[in-house]
Amino acid sequence: MRLTRFSDIGLRVLIYLERAGERVHPVTVAEIGSQFDIPLNHLVKVVGQLAKLGWIKATRGRNGGLRLLADPTLLTIGQVLRKLEGEEEELVDCEGTSCALKLDCQLRGMLRAGMRAFYEAMDRYTLAQATAGATGEQVIRMHKMFWSGTPAASGPAASVE
């Protein structure tokens, strides 16, 4: 299984906003795009979905920006992925194929069980936990570097994973 780019970006946005705190300057789409090298048109779609879900507030205009609305201690990674990936999605499209095993296949049930286990595991982790420790410290450094005009660091030491 591999997460879609949409979900990857969504998680990065939430992580970045979680550590924005009470910044003087609002976090903008352009800032996040430059920090993670994400095309703005794609980022705008993700931000729109996160706002529609009520997890962030997106304010337009000169003094606008993004703010986290969700409680990071309650929002689980599983919840985010279910909404962005689509919990109902099958790993294999059995209906759209002419597979001779379609009627008697055990694999489909096994894959569903695996997906359930994946989401149950992701439900054990909150956004706050995802931004704890070194990850959170790196995001705070990214915020500071952006406003000081210093290019975002790259490489293993700067990883936000």
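Would you confirm whether or not the stretch 61-79 contains a residue that is in a helix (DSSP H, G or I) and touching a helix residue (DSSP H, G or I) at 6+ places or on another chain (Cβ under 8 Å)? Spell out the reasoning first.
Filtering the stretch 61-79 down to residues in a helix (DSSP H, G or I) leaves 77-79.
Imposing the further condition that a residue be touching a helix residue (DSSP H, G or I) at 6+ places or on another chain (Cβ under 8 Å) reduces the set to 77-78.
Yes, the conditions are met somewhere in the stretch 61-79.
Does any residue in the stretch 132-161 that is at pLDDT 90 or above come within less than 9 Å, Cβ to Cβ, of a residue that is surrounded by fewer than 11 Cβ atoms within 10 Å (Cβ to Cβ) and of a type outside the set (Ser, Thr, Tyr) six or more places away or on a different chain, and which pairs are these?
Listed pairs, sorted by first residue: THR135/GLU161; GLN138/ALA157.
Could you count how many residues in the stretch 103-128 are in a helix (DSSP H, G or I) and touching a helix residue (DSSP H, G or I) at 6+ places or on another chain (Cβ under 8 Å)?
We begin by selecting, within the stretch 103-128, every residue in a helix (DSSP H, G or I); these are 107-122, 127-128.
Next, only the ones that are touching a helix residue (DSSP H, G or I) at 6+ places or on another chain (Cβ under 8 Å) stay: 119-122, 127-128.
Result for the stretch 103-128: 6.
Would you pick out the residues in the stretch 1-27 that are polar (S, T, N, Q) and open to solvent by 50 Å² or more (accessible area, probe 1.4 Å)? Don't jump to the end; show me each part of the working.
Step one: filter the stretch 1-27 for residues polar (S, T, N, Q), giving 4, 7.
Scanning the stretch 1-27 gives a single hit, THR4.
Would you mind stating whether VAL92 is without any contact (Cβ under 8 Å) to a residue 60 or more places away in the chain, in a loop (DSSP other than H, G, I, E, B), open to solvent by 60 Å² or more (accessible area, probe 1.4 Å) and hydrophobic (A, V, I, L, M, F, W, C)?
Working: without any contact (Cβ under 8 Å) to a residue 60 or more places away in the chain: yes; in a loop (DSSP other than H, G, I, E, B): yes; open to solvent by 60 Å² or more (accessible area, probe 1.4 Å): yes; hydrophobic (A, V, I, L, M, F, W, C): yes.
In short, yes.
List, please: which pairs have Cβ atoms under 6 Å, are six or more places apart or on different chains, and start with a residue in the stretch 40-51 that is part of a helix (DSSP H, G or I) and end with one that is surrounded by fewer than 13 Cβ atoms within 10 Å (Cβ to Cβ) and not hydrophobic (A, V, I, L, M, F, W, C)?
Filtered contacts from the stretch 40-51: no entries.
The values are calculated or read from the model by the stated rules, or taken from the named source; none is laboratory data. Not measured: the values here are computed from a predicted model. Every residue, glycine as well, gets a Cβ built from its backbone with ideal geometry; the counts of neighbours run over all protein chains shown. Ligands, DNA and RNA are stripped out before the accessible areas are found, and what is left, the full protein with its side chains, is counted by its heavy atoms. Shrake-Rupley method; radii C 1.70, N 1.55, O 1.52, S 1.80 Å.
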